[in-house]
Amino acid sequence: MQNNIIPNNNQYHALNHAKSNVYMYDELSIWPDLVPNDRYAVTSNEHWELSKILDIINVQDKKYFSHPLTVSMALGQNTPKECTTQNNNELVQNHVRPIKENSDLELSRYAAWTLVKEIGKIMPTSFVQEYFINPGKSLSDIYNISTQTERIELRNKVAKLNDKLDGIFNSLNPTAQHFATFNHQRIEWLFNRTTKAKIIKDRKLLPNVKKPSKDKLATPSKTQLYDYMNVRLLKAYIDAAETIIKKWDTNPKSHNYFALRDITYMALHKICVDFWCNGSTSPLANLCHYGIKSIEQWQHEREIAFAKQYIEKHIR
């Protein structure tokens, strides 16, 4: 019975279906030291055809990611530094195998993970990364873990959108006070007019952060509340930021401070309204007690453990 609630249901079953443990090869064409004209059933630790992985993820630039050099680069760049080998060519040979019949490649579980991690730099692949790094886990387990690691991808996107918003505001040549006030208001609008200092105090996010002084609004705070948003709130903020940028781009006649302020207020106020309509009193309830740095450290430790276990499990 299929699960209609978890959105990655089809990906999960497609990846399981694409997995193979035994394949027949004309060994002479790949490894010339073996007996000519003989065919062997080679049992590996699991492998996936590269083309099937790219189809399941629905990568747009399949030509680039199906190139052997791209796979080699992914292995080299995404292997944790603590687990790097001295000979990257050997690493590639151990985890990537050509298929003579259709010019495809087969990847080990480890190589597949490094590739989808590389693809994750241009499109969301959190669930597929977790699929490969968590062998034997159920669909619901992988989904629950991926919603945590997805925060990393979403927070990176938020950072880029915030840079664009700052660029828009800087184009108006604001004074330092205007810039600080605008950013201060953005936080208050997003969190239902709850001040940043109160959020820090109530949620105990960073106890060592000093309360910002009202006469020094231009001084940047060490606390980035975006680092403490959960997946739902990050997605809502991304939608709002993209709306602000789109409206600004399509209406050049309104390029002034007050127009930007109004556009921003309406977009962020909509987040609050949407949360109220869905049973949450405010976005404040969707802040996490731990920041994105904790998630990044947790993810890095898991990747190291995975690499140490699977980097020696060759496809051959």
Please state which one of Leu154, Leu115, Leu107 is at pLDDT 95 or above, out of contact with any Pro (no Cβ under 7 Å at 6 or more places or on another chain) and either surrounded by 13 or more Cβ atoms within 10 Å (Cβ to Cβ) or not in a helix (DSSP H, G or I) (or both). Leu115
Mind checking which residues of the range 265-313 are over 26 Å from the mean Cα position of the chain (by Cα) and part of a helix (DSSP H, G or I)? Tyr265, Met266, His269, Val273, Trp276, Cys277
Using beta carbons and a limit of 6 Å, which pairs, at least six apart or on different chains, have the first residue in the range 57-73 and among the aromatic types (Phe, Trp, Tyr) and the second one outside any helix (DSSP H, G or I) and modelled with pLDDT of 90 or more? Phe65/Val59
Please identify the pairs in which a residue from the range 270-283 that is modelled with pLDDT of 85 or more and surrounded by fewer than 10 Cβ atoms within 10 Å (Cβ to Cβ) has its Cβ atom under 6 Å from the Cβ atom of a residue that is assigned to a helix (DSSP H, G or I) and not acidic (Asp, Glu), counting only partners at least 6 apart or on another chain. none
Residue under question is Thr79, and the condition is that it be among the hydroxyl-bearing types (Ser, Thr, Tyr), under 16 Å from Tyr310 (Cβ atoms) and modelled with pLDDT under 85; does it hold? no
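Among the residues in the range 248-264, are any closer than 23 Å to Thr147 by Cβ, of a type in the set (Val, Ile, Thr) and touching a residue at least 60 places away in the same chain (Cβ under 8 Å)? Working first, answer last.
First, pick out the residues of the range 248-264 that are closer than 23 Å to Thr147 by Cβ: none.
No, there is no match, as no residue in the range 248-264 is closer than 23 Å to Thr147 by Cβ, of a type in the set (Val, Ile, Thr) and touching a residue at least 60 places away in the same chain (Cβ under 8 Å).
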Quick check on the range 122-142. Is at least one of its residues outside the structural domain of Val71 (by TED's automatic domain parsing) and either crowded, with 23+ Cβ neighbours inside 10 Å or within 16 Å of the chain's Cα centre (by Cα) (or both)? yes
Restricted to the range 183-197, and to residues that are of a type in the set (D, E, K, R) and modelled with pLDDT of 80 or more, which residue is nearest to the chain's Cα centre (by Cα)? Arg186
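The values are calculated or read from the model by the stated rules, or taken from the named source; none is laboratory data. Just so it is clear, the structure is predicted and the values come from calculations on it, not from any experiment. Counting neighbours? That spans all protein chains shown, and the Cβs are built from the backbone with ideal geometry, glycine included.
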